[in-house]
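The values are calculated or read from the model by the stated rules, or taken from the named source; none is laboratory data. Quick caveat, the model's predicted, so the values are computed rather than measured. As a convention, Cβ positions derive from the backbone with ideal geometry for all residues, glycine included, and neighbour counts pool all protein chains shown. When the accessible area is computed, the model is the full protein with side chains, heavy atoms only, and any ligands, DNA or RNA have been set aside. Shrake-Rupley method; radii C 1.70, N 1.55, O 1.52, S 1.80 Å.
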Amino acid sequence: MRLDKFLCDLQLGTRSHVKDAIKKGLVSVNGVPVRLPEWKLDERRDTVIYMGKSLTYLQFHYYMLHKPAGIVTATRDQHETTVMDLLPAGCGKNLSPVGRLDKDTEGLLLITNDGELAHRLLSPKKHVEKTYYLECSGVLTADGLAMLENGVDIGDEAVTQPAKVRLITRSDCSYHMELTITEGRFHQVKRMVQAVGGSVTYLKRLSMGTLSLDTDLPKGSCRPLTEQELSDLKQLTATTPDR
Ligand code: URA
């Protein structure tokens, strides 16, 4: 990679700004000042120092977003605000949301440019658990709840994979619960609940695999994943067997 591109990708300034800095001898590579913006680096091995700071090249970026309702999960949209609009400017290139939350769904959304990890998290073969908190109305019988747990016909070719249900409160025709599913079918939670006689009135994703929504992260905000969160996710998808 060219030295000026390396510095630009790290958001250290515009291309012309970093070229100037390089020409002024403010950048050294492996201890030697390099004044050529087109200098070819091995960005994973070479030590680059700019204004006294050692720079590390991050190939991939990983953000946890606390998605609010009213925002669409897409990389761009002509008319609507997308989840990408909630990321700070210059936070990395080629980022995409991992999976999709409906416009009215809130909660955890991972955004990354690591296509390999995204693919593994979304692969139906990996059965990565996604836990949702939901509120619903209607009448959910014990049989209906058992159907959610065992597999329910939501009009697709196959019934849903077994899910975990944790009922939190129930009063008259209103239920609060957590539902853990291992697939990512279109509107899956809403359709599962509908298939057993309920209607989802509020939906929030709490976790995906080992990654849990940071309860200190305000709605509409994002933060980079910690090293621990990232290594846990990588380990999970590396070790979960393809069934
Ligand atoms: N299931 C749904 O129905 N909606 C979502 O946004 C996510 C899962």
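Applying the condition of being assigned to a strand (DSSP E or B) and open to solvent by 20 Å² or more (accessible area, probe 1.4 Å) to segment 168-179 and asking which residue is nearest to the ligand (Cβ to nearest atom) yields 178.
Please verify whether segment 209-227 includes one or more residues that are under 14 Å from residue 121 (Cα atoms), surrounded by 18 or more Cβ atoms within 10 Å (Cβ to Cβ), within 16 Å of the ligand (Cβ to nearest atom) and touching a residue at least 12 places away in the same chain (Cβ under 8 Å). Yes, the conditions are met somewhere in segment 209-227.
The set of residues in segment 25-38 being open to solvent by 70 Å² or more (accessible area, probe 1.4 Å), at pLDDT 95 or above and not aliphatic (A, V, I, L, M) consists of 35, 38. Just a yes or no: is a residue in segment 51-62 away from the ligand (no atom under 16 Å from the Cβ), in contact with a Phe, Trp or Tyr (Cβ under 9 Å, 6 or more places away or on another chain) and over 21 Å from residue 229 (Cβ atoms)? For segment 51-62, residues away from the ligand (no atom under 16 Å from the Cβ), in contact with a Phe, Trp or Tyr (Cβ under 9 Å, 6 or more places away or on another chain) and over 21 Å from residue 229 (Cβ atoms): present.
I'm trying to understand the selection: among the residues of segment 143-167, which are open to solvent by 60 Å² or more (accessible area, probe 1.4 Å) and farther than 30 Å from residue 238 by Cβ? Within segment 143-167, 143, 147, 153, 155, 167 qualify. Do the conditions hold for residue 95, that is, is it buried (at least 21 other Cβ atoms within 10 Å of the Cβ) and touching a residue at least 12 places away in the same chain (Cβ under 8 Å)? Criteria not met by residue 95.
Evaluate the following for residue 188: is it on the phi < 0 side of the Ramachandran plot, within 14 Å of the ligand (Cβ to nearest atom), in contact with a strand residue (DSSP E or B) (Cβ under 9 Å, 6 or more places away or on another chain) and open to solvent by 80 Å² or more (accessible area, probe 1.4 Å)? When the stated conditions are applied, residue 188 does not pass them. Pull up segment 141-158, narrow it to residues that are of a type in the set (A, V, I, L, M) and more than 16 Å from the ligand (Cβ to nearest atom), then point me to the one that is nearest to the chain's Cα centre (by Cα). Out of the qualifying residues, it is 158. Going by what's in this entry, would residue 140 be described as surrounded by 15 or more Cβ atoms within 10 Å (Cβ to Cβ) and modelled with pLDDT of 95 or more? Against the criterion (surrounded by 15 or more Cβ atoms within 10 Å (Cβ to Cβ) and modelled with pLDDT of 95 or more), residue 140 does not qualify. Identify all residues within segment 75-92 that are without any contact (Cβ under 8 Å) to a residue 12 or more places away in the chain and of a type in the set (A, V, I, L, M, F, W, C); write none if there are none. Residue satisfying the conditions is 89 alone.
The set of residues in segment 228-243 that are outside any helix (DSSP H, G or I) and open to solvent by less than 30 Å² (accessible area, probe 1.4 Å) contains only 240. Here the strands (runs of 3 or more DSSP E) wholly within segment 20-127 that include at least 3 residues being touching a Cys at 6+ places or on another chain (Cβ under 8 Å) are 62-67. Answer yes or no: is there a residue in segment 191-199 that is within 24 Å of residue 64 (Cα to Cα), among the basic types (Lys, Arg) and touching a residue at least 24 places away in the same chain (Cβ under 8 Å). No, segment 191-199 contains no residue that is within 24 Å of residue 64 (Cα to Cα), among the basic types (Lys, Arg) and touching a residue at least 24 places away in the same chain (Cβ under 8 Å). A single entry from 165, 200, 193 fulfils the requirement of being in a helix (DSSP H, G or I), β-branched (Val, Ile, Thr) and within 16 Å of the ligand (Cβ to nearest atom): 193.
Apart from one condition, residue 11 fits all of (1) out of contact with any Cys (no Cβ under 9 Å at 6 or more places or on another chain); (2) closer than 29 Å to residue 221 by Cβ; the exception is (1).
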